[in-house]
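Q: Sharing a structure, written as C-alpha coordinates. Questions coming.
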There are 2 protein chains.
Amino acid sequence: MTGDRGGEERLERQLAFMVEIDRLKRILRQTLIGDGSRRENSAEHSWHLAVAALLLAEHAPAGVDLARTVRMALVHDLVEIDAGDTFCYDPNANLDKEERERLCADRIFGILPSDQGAELRELWEEFERGETPEARYANALDRLQPLLQNLHTDGGTWRMHGVRREQVLQRMQPIHDAIPALWPMVERALQRAAERGWVK
Amino acid sequence: MTGDRGGEERLERQLAFMVEIDRLKRILRQTLIGDGSRRENSAEHSWHLAVAALLLAEHAPAGVDLARTVRMALVHDLVEIDAGDTFCYDPNANLDKEERERLCADRIFGILPSDQGAELRELWEEFERGETPEARYANALDRLQPLLQNLHTDGGTWRMHGVRREQVLQRMQPIHDAIPALWPMVERALQRAAERGWVK
(Lines give C-alpha, C1' and ligand atoms only; values in the text may rest on other atoms or scores of the structure.)
Protein backbone atom coordinates (compact mmCIF):
# COMPACT_ATOMS: atom_id res chain seq x y z
CA MET A 1 0.00 0.00 0.00
CA THR A 2 1.30 3.43 -0.91
CA GLY A 3 -0.64 5.93 1.17
CA ASP A 4 -4.35 6.74 1.11
CA ARG A 5 -4.94 6.48 -2.61
CA GLY A 6 -3.18 3.09 -2.60
CA GLY A 7 -5.45 1.91 0.21
CA GLU A 8 -8.53 3.16 -1.60
CA GLU A 9 -7.55 1.51 -4.87
CA ARG A 10 -6.88 -1.71 -3.00
CA LEU A 11 -10.37 -1.64 -1.49
CA GLU A 12 -11.90 -0.84 -4.88
CA ARG A 13 -10.20 -3.88 -6.39
CA GLN A 14 -11.41 -6.11 -3.57
CA LEU A 15 -15.00 -4.91 -4.04
CA ALA A 16 -14.75 -5.24 -7.83
CA PHE A 17 -13.66 -8.85 -7.34
CA MET A 18 -16.54 -9.46 -4.96
CA VAL A 19 -18.97 -8.17 -7.61
CA GLU A 20 -17.28 -10.12 -10.42
CA ILE A 21 -17.43 -13.51 -8.69
CA ASP A 22 -21.22 -13.22 -8.40
CA ARG A 23 -21.15 -14.67 -11.93
CA LEU A 24 -20.25 -18.07 -10.52
CA LYS A 25 -23.93 -18.29 -9.49
CA ARG A 26 -24.78 -18.54 -13.21
CA ILE A 27 -22.33 -21.32 -14.04
CA LEU A 28 -24.37 -24.51 -14.19
CA ARG A 29 -22.95 -27.92 -13.43
CA GLN A 30 -24.34 -31.20 -14.75
CA THR A 31 -25.28 -32.27 -11.22
CA LEU A 32 -28.84 -31.66 -10.03
CA ILE A 33 -29.72 -30.18 -6.62
CA GLY A 34 -31.15 -32.57 -4.05
CA ASP A 35 -34.79 -32.50 -5.15
CA GLY A 36 -33.83 -32.95 -8.81
CA SER A 37 -35.66 -29.75 -9.77
CA ARG A 38 -32.77 -27.98 -11.47
CA ARG A 39 -29.03 -28.09 -12.17
CA GLU A 40 -26.67 -27.00 -9.45
CA ASN A 41 -24.54 -23.90 -9.91
CA SER A 42 -20.87 -23.70 -9.05
CA ALA A 43 -21.31 -21.10 -6.29
CA GLU A 44 -23.70 -23.20 -4.22
CA HIS A 45 -21.57 -26.28 -5.01
CA SER A 46 -18.53 -24.46 -3.60
CA TRP A 47 -20.48 -23.64 -0.45
CA HIS A 48 -21.54 -27.26 -0.05
CA LEU A 49 -17.93 -28.39 -0.45
CA ALA A 50 -16.64 -25.93 2.15
CA VAL A 51 -19.24 -27.11 4.69
CA ALA A 52 -18.38 -30.74 3.87
CA ALA A 53 -14.73 -29.96 4.65
CA LEU A 54 -15.80 -28.88 8.15
CA LEU A 55 -18.12 -31.85 8.66
CA LEU A 56 -15.68 -34.57 7.67
CA ALA A 57 -12.49 -33.04 9.09
CA GLU A 58 -11.92 -35.96 11.47
CA HIS A 59 -11.68 -38.32 8.47
CA ALA A 60 -9.24 -36.12 6.51
CA PRO A 61 -5.61 -37.02 5.72
CA ALA A 62 -3.22 -36.53 8.64
CA GLY A 63 -1.86 -33.04 9.01
CA VAL A 64 -4.55 -31.28 6.98
CA ASP A 65 -4.84 -27.53 7.59
CA LEU A 66 -8.62 -27.34 7.69
CA ALA A 67 -8.88 -23.58 7.23
CA ARG A 68 -6.72 -23.82 4.11
CA THR A 69 -8.92 -26.60 2.73
CA VAL A 70 -12.01 -24.45 3.30
CA ARG A 71 -10.41 -21.51 1.50
CA MET A 72 -9.46 -23.86 -1.34
CA ALA A 73 -13.03 -25.17 -1.60
CA LEU A 74 -14.37 -21.61 -1.75
CA VAL A 75 -12.18 -20.58 -4.70
CA HIS A 76 -11.60 -23.88 -6.54
CA ASP A 77 -14.22 -23.22 -9.23
CA LEU A 78 -13.77 -19.47 -9.80
CA VAL A 79 -11.99 -20.13 -13.11
CA GLU A 80 -15.29 -21.51 -14.44
CA ILE A 81 -16.62 -17.96 -14.64
CA ASP A 82 -15.13 -17.68 -18.14
CA ALA A 83 -14.29 -21.34 -18.81
CA GLY A 84 -17.65 -22.85 -17.82
CA ASP A 85 -18.09 -26.13 -15.98
CA THR A 86 -16.53 -29.06 -17.81
CA PHE A 87 -18.46 -32.30 -17.46
CA CYS A 88 -16.05 -34.81 -15.96
CA TYR A 89 -17.24 -37.70 -18.16
CA ASP A 90 -16.86 -35.75 -21.43
CA PRO A 91 -13.35 -36.46 -22.79
CA ASN A 92 -13.57 -33.90 -25.64
CA ALA A 93 -14.52 -31.02 -23.35
CA ASN A 94 -11.62 -31.92 -21.10
CA LEU A 95 -9.04 -31.54 -23.91
CA ASP A 96 -8.78 -27.75 -23.69
CA LYS A 97 -10.07 -27.36 -20.12
CA GLU A 98 -6.65 -26.47 -18.73
CA GLU A 99 -6.01 -23.70 -21.25
CA ARG A 100 -9.50 -22.20 -20.87
CA GLU A 101 -9.18 -22.16 -17.09
CA ARG A 102 -5.68 -20.70 -17.13
CA LEU A 103 -6.88 -17.75 -19.22
CA CYS A 104 -9.73 -17.15 -16.82
CA ALA A 105 -7.36 -17.34 -13.85
CA ASP A 106 -5.16 -14.66 -15.44
CA ARG A 107 -8.13 -12.34 -15.83
CA ILE A 108 -10.05 -12.98 -12.65
CA PHE A 109 -7.25 -13.12 -10.11
CA GLY A 110 -5.79 -10.08 -11.88
CA ILE A 111 -8.72 -8.02 -10.63
CA LEU A 112 -7.40 -8.26 -7.06
CA PRO A 113 -4.41 -6.48 -5.50
CA SER A 114 -1.46 -8.57 -6.66
CA ASP A 115 -0.64 -10.17 -3.29
CA GLN A 116 -4.22 -11.37 -2.85
CA GLY A 117 -4.59 -12.44 -6.45
CA ALA A 118 -1.41 -14.52 -6.16
CA GLU A 119 -2.63 -16.09 -2.90
CA LEU A 120 -6.00 -17.18 -4.31
CA ARG A 121 -4.44 -18.35 -7.56
CA GLU A 122 -1.98 -20.48 -5.62
CA LEU A 123 -4.91 -22.08 -3.76
CA TRP A 124 -6.57 -22.92 -7.08
CA GLU A 125 -3.33 -24.30 -8.58
CA GLU A 126 -2.72 -26.36 -5.45
CA PHE A 127 -6.22 -27.81 -5.79
CA GLU A 128 -5.60 -28.65 -9.45
CA ARG A 129 -2.25 -30.35 -8.74
CA GLY A 130 -3.91 -32.40 -5.99
CA GLU A 131 -0.69 -33.18 -4.16
CA THR A 132 -0.86 -31.60 -0.71
CA PRO A 133 -3.04 -33.12 2.04
CA GLU A 134 -5.38 -30.12 1.74
CA ALA A 135 -5.71 -30.54 -2.04
CA ARG A 136 -6.19 -34.29 -1.77
CA TYR A 137 -8.92 -33.77 0.85
CA ALA A 138 -10.63 -31.02 -1.18
CA ASN A 139 -10.51 -33.12 -4.35
CA ALA A 140 -12.05 -36.09 -2.52
CA LEU A 141 -14.88 -33.87 -1.27
CA ASP A 142 -15.33 -32.57 -4.81
CA ARG A 143 -16.07 -36.17 -5.85
CA LEU A 144 -18.17 -37.03 -2.81
CA GLN A 145 -20.58 -34.12 -3.10
CA PRO A 146 -21.93 -34.98 -6.61
CA LEU A 147 -21.93 -38.68 -5.64
CA LEU A 148 -24.37 -37.88 -2.84
CA GLN A 149 -26.41 -35.65 -5.17
CA ASN A 150 -26.66 -38.45 -7.76
CA LEU A 151 -27.61 -41.01 -5.12
CA HIS A 152 -30.46 -38.75 -3.97
CA THR A 153 -31.76 -37.98 -7.44
CA ASP A 154 -32.23 -41.60 -8.63
CA GLY A 155 -28.90 -41.68 -10.40
CA GLY A 156 -29.06 -38.08 -11.61
CA THR A 157 -26.36 -37.31 -14.18
CA TRP A 158 -25.09 -40.91 -14.27
CA ARG A 159 -28.40 -42.07 -15.65
CA MET A 160 -28.86 -39.02 -17.91
CA HIS A 161 -25.47 -39.62 -19.54
CA GLY A 162 -25.32 -43.44 -19.40
CA VAL A 163 -22.23 -43.46 -17.21
CA ARG A 164 -20.72 -46.87 -16.37
CA ARG A 165 -20.09 -48.06 -12.82
CA GLU A 166 -16.36 -48.51 -13.55
CA GLN A 167 -16.15 -44.89 -14.69
CA VAL A 168 -17.70 -43.72 -11.43
CA LEU A 169 -15.47 -45.96 -9.33
CA GLN A 170 -12.42 -44.59 -11.11
CA ARG A 171 -13.66 -41.03 -10.68
CA MET A 172 -14.14 -41.67 -6.94
CA GLN A 173 -10.54 -42.87 -6.36
CA PRO A 174 -9.55 -39.61 -4.62
CA ILE A 175 -12.07 -40.55 -1.90
CA HIS A 176 -10.40 -43.96 -1.55
CA ASP A 177 -7.02 -42.29 -1.21
CA ALA A 178 -7.83 -39.26 0.98
CA ILE A 179 -10.89 -40.27 3.03
CA PRO A 180 -10.60 -44.08 3.28
CA ALA A 181 -13.22 -44.17 6.07
CA LEU A 182 -15.78 -43.29 3.39
CA TRP A 183 -14.82 -45.96 0.87
CA PRO A 184 -17.06 -48.80 2.14
CA MET A 185 -20.04 -46.43 1.82
CA VAL A 186 -19.01 -45.53 -1.75
CA GLU A 187 -18.76 -49.19 -2.76
CA ARG A 188 -22.10 -50.09 -1.17
CA ALA A 189 -23.77 -47.08 -2.80
CA LEU A 190 -22.46 -47.97 -6.25
CA GLN A 191 -23.54 -51.58 -5.79
CA ARG A 192 -27.05 -50.34 -5.02
CA ALA A 193 -26.91 -47.87 -7.93
CA ALA A 194 -25.98 -50.71 -10.30
CA GLU A 195 -28.82 -52.91 -9.00
CA ARG A 196 -31.28 -50.09 -9.65
CA GLY A 197 -29.94 -49.43 -13.12
CA TRP A 198 -28.64 -45.95 -12.28
CA VAL A 199 -25.19 -46.86 -13.62
CA LYS A 200 -24.41 -49.31 -16.41
CA MET B 1 -17.03 -42.70 19.53
CA THR B 2 -17.79 -46.12 20.98
CA GLY B 3 -16.08 -48.63 18.72
CA ASP B 4 -16.78 -49.42 15.08
CA ARG B 5 -20.56 -49.14 15.11
CA GLY B 6 -20.26 -45.78 16.89
CA GLY B 7 -17.84 -44.58 14.21
CA GLU B 8 -20.12 -45.78 11.44
CA GLU B 9 -23.17 -44.11 12.95
CA ARG B 10 -21.18 -40.92 13.34
CA LEU B 11 -20.26 -40.95 9.66
CA GLU B 12 -23.86 -41.70 8.68
CA ARG B 13 -25.04 -38.66 10.63
CA GLN B 14 -22.43 -36.45 9.01
CA LEU B 15 -23.47 -37.60 5.53
CA ALA B 16 -27.17 -37.23 6.38
CA PHE B 17 -26.48 -33.64 7.42
CA MET B 18 -24.58 -33.03 4.21
CA VAL B 19 -27.59 -34.26 2.22
CA GLU B 20 -30.07 -32.30 4.35
CA ILE B 21 -28.37 -28.94 3.96
CA ASP B 22 -28.67 -29.19 0.17
CA ARG B 23 -32.12 -27.70 0.81
CA LEU B 24 -30.56 -24.31 1.52
CA LYS B 25 -30.14 -24.07 -2.28
CA ARG B 26 -33.91 -23.78 -2.52
CA ILE B 27 -34.33 -21.00 0.06
CA LEU B 28 -34.78 -17.80 -1.90
CA ARG B 29 -33.76 -14.40 -0.59
CA GLN B 30 -35.23 -11.10 -1.72
CA THR B 31 -31.89 -10.05 -3.20
CA LEU B 32 -31.27 -10.64 -6.90
CA ILE B 33 -28.09 -12.13 -8.33
CA GLY B 34 -25.75 -9.75 -10.14
CA ASP B 35 -27.42 -9.76 -13.57
CA GLY B 36 -30.86 -9.29 -12.02
CA SER B 37 -32.15 -12.46 -13.69
CA ARG B 38 -33.39 -14.26 -10.58
CA ARG B 39 -33.47 -14.19 -6.80
CA GLU B 40 -30.42 -15.33 -4.91
CA ASN B 41 -30.58 -18.44 -2.76
CA SER B 42 -29.15 -18.69 0.73
CA ALA B 43 -26.52 -21.31 -0.17
CA GLU B 44 -24.84 -19.19 -2.84
CA HIS B 45 -25.24 -16.14 -0.59
CA SER B 46 -23.38 -18.00 2.18
CA TRP B 47 -20.59 -18.83 -0.27
CA HIS B 48 -20.33 -15.20 -1.34
CA LEU B 49 -20.12 -14.12 2.30
CA ALA B 50 -17.39 -16.61 3.13
CA VAL B 51 -15.28 -15.44 0.18
CA ALA B 52 -15.90 -11.81 1.19
CA ALA B 53 -14.57 -12.64 4.66
CA LEU B 54 -11.30 -13.75 3.03
CA LEU B 55 -11.13 -10.76 0.69
CA LEU B 56 -11.67 -8.05 3.28
CA ALA B 57 -9.80 -9.62 6.19
CA GLU B 58 -7.31 -6.74 6.40
CA HIS B 59 -10.21 -4.34 7.14
CA ALA B 60 -11.79 -6.56 9.85
CA PRO B 61 -11.98 -5.69 13.56
CA ALA B 62 -8.73 -6.24 15.45
CA GLY B 63 -8.19 -9.76 16.72
CA VAL B 64 -10.63 -11.46 14.34
CA ASP B 65 -10.13 -15.21 13.94
CA LEU B 66 -10.62 -15.36 10.18
CA ALA B 67 -11.15 -19.11 9.96
CA ARG B 68 -13.90 -18.87 12.59
CA THR B 69 -15.58 -16.04 10.66
CA VAL B 70 -15.53 -18.16 7.50
CA ARG B 71 -17.10 -21.11 9.35
CA MET B 72 -19.72 -18.74 10.75
CA ALA B 73 -20.53 -17.38 7.29
CA LEU B 74 -20.92 -20.92 5.96
CA VAL B 75 -23.50 -21.95 8.57
CA HIS B 76 -25.18 -18.64 9.48
CA ASP B 77 -28.27 -19.25 7.31
CA LEU B 78 -28.80 -23.00 7.81
CA VAL B 79 -31.78 -22.33 10.09
CA GLU B 80 -33.60 -20.90 7.07
CA ILE B 81 -34.04 -24.44 5.76
CA ASP B 82 -37.27 -24.70 7.78
CA ALA B 83 -37.75 -21.05 8.75
CA GLY B 84 -37.30 -19.51 5.30
CA ASP B 85 -35.53 -16.26 4.60
CA THR B 86 -37.03 -13.32 6.48
CA PHE B 87 -36.93 -10.05 4.53
CA CYS B 88 -35.07 -7.58 6.72
CA TYR B 89 -37.39 -4.65 5.91
CA ASP B 90 -40.58 -6.57 6.78
CA PRO B 91 -41.37 -5.87 10.47
CA ASN B 92 -44.23 -8.41 10.67
CA ALA B 93 -42.18 -11.31 9.35
CA ASN B 94 -39.48 -10.47 11.87
CA LEU B 95 -41.84 -10.87 14.86
CA ASP B 96 -41.62 -14.66 15.04
CA LYS B 97 -38.31 -15.08 13.19
CA GLU B 98 -36.41 -16.01 16.34
CA GLU B 99 -38.81 -18.77 17.36
CA ARG B 100 -39.01 -20.24 13.83
CA GLU B 101 -35.24 -20.30 13.54
CA ARG B 102 -34.73 -21.81 16.99
CA LEU B 103 -37.02 -24.72 16.11
CA CYS B 104 -35.12 -25.31 12.89
CA ALA B 105 -31.81 -25.17 14.76
CA ASP B 106 -33.06 -27.87 17.15
CA ARG B 107 -33.94 -30.13 14.26
CA ILE B 108 -31.10 -29.51 11.87
CA PHE B 109 -28.14 -29.42 14.23
CA GLY B 110 -29.70 -32.47 15.92
CA ILE B 111 -28.95 -34.51 12.80
CA LEU B 112 -25.21 -34.30 13.54
CA PRO B 113 -23.22 -36.14 16.22
CA SER B 114 -23.88 -34.07 19.36
CA ASP B 115 -20.41 -32.51 19.65
CA GLN B 116 -20.50 -31.28 16.06
CA GLY B 117 -24.12 -30.17 16.28
CA ALA B 118 -23.30 -28.12 19.38
CA GLU B 119 -20.27 -26.58 17.68
CA LEU B 120 -22.17 -25.44 14.58
CA ARG B 121 -25.12 -24.24 16.64
CA GLU B 122 -22.79 -22.16 18.78
CA LEU B 123 -21.41 -20.55 15.61
CA TRP B 124 -24.94 -19.64 14.52
CA GLU B 125 -25.88 -18.29 17.97
CA GLU B 126 -22.68 -16.26 18.10
CA PHE B 127 -23.56 -14.78 14.70
CA GLU B 128 -27.06 -13.90 15.92
CA ARG B 129 -25.79 -12.25 19.12
CA GLY B 130 -23.34 -10.20 17.07
CA GLU B 131 -20.98 -9.48 19.95
CA THR B 132 -17.63 -11.10 19.22
CA PRO B 133 -15.25 -9.58 16.65
CA GLU B 134 -15.96 -12.55 14.36
CA ALA B 135 -19.73 -12.09 14.64
CA ARG B 136 -19.50 -8.34 14.14
CA TYR B 137 -17.36 -8.85 11.04
CA ALA B 138 -19.67 -11.56 9.65
CA ASN B 139 -22.75 -9.42 10.29
CA ALA B 140 -21.16 -6.47 8.51
CA LEU B 141 -20.39 -8.66 5.49
CA ASP B 142 -23.97 -9.94 5.58
CA ARG B 143 -25.07 -6.31 5.07
CA LEU B 144 -22.40 -5.46 2.53
CA GLN B 145 -23.12 -8.34 0.15
CA PRO B 146 -26.77 -7.42 -0.60
CA LEU B 147 -25.76 -3.74 -0.71
CA LEU B 148 -23.40 -4.54 -3.59
CA GLN B 149 -26.04 -6.72 -5.25
CA ASN B 150 -28.61 -3.89 -5.05
CA LEU B 151 -26.13 -1.35 -6.39
CA HIS B 152 -25.49 -3.58 -9.40
CA THR B 153 -29.13 -4.32 -10.15
CA ASP B 154 -30.34 -0.69 -10.38
CA GLY B 155 -31.56 -0.62 -6.79
CA GLY B 156 -32.82 -4.22 -6.80
CA THR B 157 -34.92 -4.98 -3.73
CA TRP B 158 -34.77 -1.40 -2.43
CA ARG B 159 -36.66 -0.19 -5.46
CA MET B 160 -38.98 -3.21 -5.59
CA HIS B 161 -40.05 -2.63 -1.98
CA GLY B 162 -39.84 1.16 -1.80
CA VAL B 163 -37.19 1.16 0.88
CA ARG B 164 -36.07 4.55 2.28
CA ARG B 165 -32.45 5.70 2.33
CA GLU B 166 -32.57 6.11 6.14
CA GLN B 167 -33.70 2.49 6.49
CA VAL B 168 -30.75 1.31 4.43
CA LEU B 169 -28.28 3.50 6.33
CA GLN B 170 -29.58 2.11 9.61
CA ARG B 171 -29.39 -1.44 8.27
CA MET B 172 -25.78 -0.82 7.21
CA GLN B 173 -24.61 0.36 10.66
CA PRO B 174 -22.78 -2.94 11.34
CA ILE B 175 -20.48 -2.01 8.43
CA HIS B 176 -19.83 1.37 10.06
CA ASP B 177 -18.98 -0.35 13.33
CA ALA B 178 -17.00 -3.38 12.15
CA ILE B 179 -15.45 -2.36 8.81
CA PRO B 180 -15.10 1.45 9.09
CA ALA B 181 -12.76 1.53 6.07
CA LEU B 182 -15.82 0.72 3.95
CA TRP B 183 -18.11 3.40 5.33
CA PRO B 184 -17.19 6.24 2.94
CA MET B 185 -18.01 3.92 0.03
CA VAL B 186 -21.38 3.04 1.60
CA GLU B 187 -22.29 6.71 2.05
CA ARG B 188 -21.25 7.61 -1.48
CA ALA B 189 -23.15 4.65 -2.91
CA LEU B 190 -26.35 5.57 -1.06
CA GLN B 191 -26.02 9.17 -2.17
CA ARG B 192 -25.84 7.94 -5.77
CA ALA B 193 -28.72 5.53 -5.18
CA ALA B 194 -30.88 8.39 -3.85
CA GLU B 195 -30.03 10.60 -6.84
CA ARG B 196 -31.07 7.81 -9.19
CA GLY B 197 -34.31 7.17 -7.31
CA TRP B 198 -33.31 3.66 -6.22
CA VAL B 199 -34.07 4.55 -2.58
CA LYS B 200 -36.68 7.01 -1.36
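The values are calculated or read from the model by the stated rules, or taken from the named source; none is laboratory data. Just so it is clear, the structure is predicted and the values come from calculations on it, not from any experiment. Counting neighbours? That spans all protein chains shown, and the Cβs are built from the backbone with ideal geometry, glycine included. Accessible surface is based on the protein model in full, side chains and every heavy atom, while ligands, DNA and RNA are left aside. Shrake-Rupley method; radii C 1.70, N 1.55, O 1.52, S 1.80 Å.
Q: Could you please let me know if B:L95 is open to solvent by 10 Å² or more (accessible area, probe 1.4 Å) and away from chain A (no Cβ under 12 Å)?
A: Details: open to solvent by 10 Å² or more (accessible area, probe 1.4 Å): yes; away from chain A (no Cβ under 12 Å): yes.
Taking the combined requirement at face value, the residue satisfies it.
Residue-wise test of (1) touching a residue at least 40 places away in the same chain (Cβ under 8 Å); (2) within 14 Å of A:L15 (Cβ to Cβ); (3) among the small types (G, A, S).
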{"position": "B:G156", "(1), (2), (3)": "yes, no, yes"}
{"position": "B:H161", "(1), (2), (3)": "yes, no, no"}
{"position": "B:R165", "(1), (2), (3)": "no, no, no"}
{"position": "B:Q170", "(1), (2), (3)": "no, no, no"}
{"position": "B:H176", "(1), (2), (3)": "no, no, no"}
{"position": "B:W183", "(1), (2), (3)": "no, yes, no"}
{"position": "B:A189", "(1), (2), (3)": "yes, yes, yes"}
{"position": "B:R196", "(1), (2), (3)": "yes, no, no"}
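Q: A further question on this structure: Within region A:54-76, identify whether any single residue is at the interface with chain B (Cβ under 9 Å from one of its Cβ atoms), among the aliphatic types (A, V, I, L, M) and more than 24 Å from A:H176 (Cα to Cα), and answer yes or no.
A: no
Q: Those residues that are basic (K, R) and surrounded by 18 or more Cβ atoms within 10 Å (Cβ to Cβ), I need them from region A:98-127; list them, please. Steps first, please.
A: Of region A:98-127, the ones basic (K, R) are A:100, A:102, A:107, A:121.
Scanning region A:98-127 gives a single hit, A:R121.
Q: Please enumerate the residues belonging to region B:111-167 that are small (G, A, S) and in contact with a Gly (Cβ under 9 Å, 6 or more places away or on another chain). Before the answer, list the steps.
A: Filtering region B:111-167 down to residues small (G, A, S) leaves B:114, B:117-118, B:130, B:135, B:138, B:140, B:155-156, B:162.
Answer for region B:111-167, where residues must be small (G, A, S) and in contact with a Gly (Cβ under 9 Å, 6 or more places away or on another chain): B:G117, B:A138, B:G155, B:G156.
Q: Another question, then. Can you name the condition, by its number, that A:Y89 falls short on among (1) farther than 21 Å from A:D22 by Cβ; (2) hydroxyl-bearing (S, T, Y); (3) within 14 Å of another protein chain (Cβ to nearest Cβ)?
A: It fails just one condition, (3).
Q: Give region B:128-142 a look and list any residue that's touching a residue at least 60 places away in the same chain (Cβ under 8 Å) and surrounded by 17 or more Cβ atoms within 10 Å (Cβ to Cβ), or say none.
A: Narrowing region B:128-142 to residues touching a residue at least 60 places away in the same chain (Cβ under 8 Å): B:133-138, B:141-142.
Answer for region B:128-142, where residues must be touching a residue at least 60 places away in the same chain (Cβ under 8 Å) and surrounded by 17 or more Cβ atoms within 10 Å (Cβ to Cβ): B:E134, B:A135, B:R136, B:Y137, B:A138, B:L141, B:D142.
Q: Could I ask something else about it? Kindly indicate which of B:M160, B:M185 is of a type outside the set (D, E, K, R), on the phi < 0 side of the Ramachandran plot and either open to solvent by 40 Å² or more (accessible area, probe 1.4 Å) or within 14 Å of the chain's Cα centre (by Cα) (or both). Full working, then the answer.
A: Values: B:M185 fails: either open to solvent by 40 Å² or more (accessible area, probe 1.4 Å) or within 14 Å of the chain's Cα centre (by Cα) (or both).
When all the criteria are applied, what remains is B:M160.
Q: Kindly provide the set of residues from region B:1-21 that are touching a residue at least 12 places away in the same chain (Cβ under 8 Å) and at the interface with chain A (Cβ under 7 Å from one of its Cβ atoms), ordered by number.
A: Result: B:Q14, B:F17, B:I21.
Q: Quick test for you: out of B:I33, B:I111, pick the one residue that is closer than 21 Å to B:Q149 by Cα and within 12 Å of chain A (Cβ to nearest Cβ). Explain how you work it out, then say what you get.
A: Details: B:I111 fails: closer than 21 Å to B:Q149 by Cα.
Going through B:I33, B:I111 in turn, just one is closer than 21 Å to B:Q149 by Cα and within 12 Å of chain A (Cβ to nearest Cβ): B:I33.
Q: Looking at B:Q167, B:Q173, can you tell me which residue is over 19 Å from B:L28 (Cβ atoms), open to solvent by 30 Å² or more (accessible area, probe 1.4 Å) and modelled with pLDDT of 95 or more?
A: Numbers: B:Q167 fails: modelled with pLDDT of 95 or more.
Unique residue meeting the criteria: B:Q173.
Q: Only one of A:A83, A:A67, A:A57, A:A43 is surrounded by 15 or more Cβ atoms within 10 Å (Cβ to Cβ) and closer than 15 Å to A:D142 by Cβ. Can you tell me which? I'd like the intermediate steps shown before the answer.
A: On the way: A:A83 fails: closer than 15 Å to A:D142 by Cβ; A:A67 fails: closer than 15 Å to A:D142 by Cβ; A:A57 fails: closer than 15 Å to A:D142 by Cβ.
Selected residue: A:A43, the only one of A:A83, A:A67, A:A57, A:A43 that is surrounded by 15 or more Cβ atoms within 10 Å (Cβ to Cβ) and closer than 15 Å to A:D142 by Cβ.
Q: Mind checking which residues of region A:38-68 are of a type in the set (K, R) and not in a loop (DSSP other than H, G, I, E, B)? Before you say what the answer is, go through the steps one by one.
A: First pass over region A:38-68, keeping only residues of a type in the set (K, R): A:38-39, A:68.
Answer for region A:38-68, where residues must be of a type in the set (K, R) and not in a loop (DSSP other than H, G, I, E, B): A:R39, A:R68.
Q: Filter the helices (runs of 4 or more DSSP H) completely within region A:78-182 down to those with at least 3 residues that are closer than 23 Å to A:V51 by Cα. Before you say what the answer is, go through the steps one by one.
A: On the way: elements: A:80-83, A:97-109, A:114-129, A:133-151, A:156-161, A:165-171, A:173-178.
Result: A:114-129, A:133-151, A:173-178.
Q: Follow-up question, since we're still on this one. Does any residue of region B:143-150 turn out to be within 14 Å of another protein chain (Cβ to nearest Cβ), more than 17 Å from B:R29 (Cα to Cα) and surrounded by 14 or more Cβ atoms within 10 Å (Cβ to Cβ)? Talk me through it step by step, then tell me what you get.
A: So the first thing to find is which residues in region B:143-150 are within 14 Å of another protein chain (Cβ to nearest Cβ), and the list is B:143-150.
Filter once more, keeping what is more than 17 Å from B:R29 (Cα to Cα): none.
For region B:143-150, residues within 14 Å of another protein chain (Cβ to nearest Cβ), more than 17 Å from B:R29 (Cα to Cα) and surrounded by 14 or more Cβ atoms within 10 Å (Cβ to Cβ): absent.
Q: Give just the number: which of (1) assigned to a helix (DSSP H, G or I); (2) facing another protein chain (nearest Cβ under 7 Å); (3) modelled with pLDDT under 95 does A:K25 not satisfy?
A: In the conditions (1) assigned to a helix (DSSP H, G or I); (2) facing another protein chain (nearest Cβ under 7 Å); (3) modelled with pLDDT under 95, A:K25 misses (3) alone.
Q: What's the number of the only condition in (1) within 19 Å of A:H45 (Cα to Cα); (2) at pLDDT 95 or above; (3) not charged (D, E, K, R) that B:T69 fails to meet?
A: Only one criterion in (1) within 19 Å of A:H45 (Cα to Cα); (2) at pLDDT 95 or above; (3) not charged (D, E, K, R) is unmet by B:T69, namely (1).
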